Amino acid sequence: MRHKKKGRKLGRKKNARKGLLKALAVSLVKSEKIKTTEAKAKELRPFIEKLLTKAREEKLSNRRLIIAKIGEAPAKKLFEKIGPKYKNRKGGYTRIIKLARRQGDASKMAVIEFV
């Protein structure tokens with residue numbers, strides 16, 4: 001039984017999973033909208049929203065935390081362009097739109113984007 005176990009494994013070990021989330025987050029920050037599987041989008045949402053909550057407040061400690069998680073260039077965009085847009089919003093910075101299943105393996109697909 002999986003009672004009280006949160007998060008998806010996505011068929012990967014811990015380090016690969018962390019790398020995948022980082023890559024998805026960087027892609028989302030760069031293009032502000034990405035198409036991925038529904039499970040990956042649902043797993044990415046809390047990760048990116050926690051980063052964006054920190055990016056709303058311009059502090060050196062917040063900047064260093066975000067740089068450690070996703071790198072310097074995406075962190076700069078989060079702080080300068082994306083963060084200020086959500087100053088007065090209390091959460092819910094992303095939306096997941098479900099798409100048709102993928103042709104090859106019938107995986108559930110989704111688009112995740114900033115609101």
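The values are calculated or read from the model by the stated rules, or taken from the named source; none is laboratory data. What you see is a predicted model, and the numbers here were worked out from it, not measured in a lab. Please note: Cβ atoms are built from the backbone with ideal geometry, for glycine as well, and neighbour counts cover all protein chains shown.
Going through A106, A75 one at a time, which residue ends up being over 21 Å from K18 (Cβ atoms), free of Cβ contacts under 8 Å to residues at least 40 places away in the same chain and not β-branched (V, I, T)?
Working: A75 fails: over 21 Å from K18 (Cβ atoms).
So the residue among A106, A75 that is over 21 Å from K18 (Cβ atoms), free of Cβ contacts under 8 Å to residues at least 40 places away in the same chain and not β-branched (V, I, T) is A106.
Of the residues E32, E57, which single one is among the acidic types (D, E) and at positive phi?
Working: E57 fails: at positive phi.
Checking each option against the conditions leaves just E32.
So L65 clears everything in (1) under 22 Å from G19 (Cβ atoms); (2) crowded, with 17+ Cβ neighbours inside 10 Å except one condition, right? Which one?
(2)
Matching residues to (1) of a type in the set (A, V, I, L, M); (2) farther than 20 Å from A110 by Cβ:
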| position | (1), (2) |
| --- | --- |
| A23 | yes, no |
| K33 | no, no |
| E38 | no, no |
| K42 | no, no |
| F47 | no, no |
| K54 | no, yes |
| R63 | no, yes |
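Yes or no: E32 within 13 Å of the chain's Cα centre (by Cα), at pLDDT below 95 and either surrounded by 12 or more Cβ atoms within 10 Å (Cβ to Cβ) or of a type in the set (A, V, I, L, M, F, W, C) (or both)?
Working: within 13 Å of the chain's Cα centre (by Cα): yes; at pLDDT below 95: yes; either surrounded by 12 or more Cβ atoms within 10 Å (Cβ to Cβ) or of a type in the set (A, V, I, L, M, F, W, C) (or both): yes.
Yes.
Tell me the residue from K81, K50 that is within 19 Å of R8 (Cα to Cα) and surrounded by fewer than 17 Cβ atoms within 10 Å (Cβ to Cβ), please. Full working, then the answer.
Details: K81 fails: within 19 Å of R8 (Cα to Cα).
None of the other options fit; the residue is K50.
Here is a list of conditions, (1) in contact (Cβ under 8 Å) with a residue 60 or more places away in the chain; (2) of a type in the set (S, T, Y); (3) touching a helix residue (DSSP H, G or I) at 6+ places or on another chain (Cβ under 7 Å), and T37 meets all of them except one; can you say which number that is?
(3)
Inside region 44-72, can you point out the residues that are assigned to a helix (DSSP H, G or I), without any contact (Cβ under 8 Å) to a residue 40 or more places away in the chain and in contact with a Gly (Cβ under 7 Å, 6 or more places away or on another chain)?
A55
Would you please list the contacts, defined by Cβ atoms under 8 Å and residues six or more apart or on different chains, that run from a residue in region 1-24 that is under 19 Å from E38 (Cα atoms) and without any contact (Cβ under 8 Å) to a residue 12 or more places away in the chain to a residue that is assigned to a loop (DSSP other than H, G, I, E, B) and of a type outside the set (D, E, K, R)?
Between residues of region 1-24 that are under 19 Å from E38 (Cα atoms) and without any contact (Cβ under 8 Å) to a residue 12 or more places away in the chain and residues that are assigned to a loop (DSSP other than H, G, I, E, B) and of a type outside the set (D, E, K, R), the close pairs are R17/L10.
Can you tell me which residue in region 84-97 is nearest to the chain's Cα centre (by Cα), limited to those that are surrounded by 11 or more Cβ atoms within 10 Å (Cβ to Cβ) and of a type in the set (D, E, K, R)?
Just the residues of region 84-97 that are surrounded by 11 or more Cβ atoms within 10 Å (Cβ to Cβ), to begin with: 84-86, 89, 93-97.
Adding the requirement that they be of a type in the set (D, E, K, R) leaves 85, 89, 95.
Working: K85: 17, R89: 17, R95: 11 Å.
In this case the residue turns out to be R95.
Residue under question is R95, and the condition is that it be part of a helix (DSSP H, G or I), modelled with pLDDT of 95 or more and within 16 Å of T53 (Cα to Cα); does it hold? Outline the logic, then answer.
Values: part of a helix (DSSP H, G or I): no; modelled with pLDDT of 95 or more: yes; within 16 Å of T53 (Cα to Cα): yes.
Answer is no for this residue.
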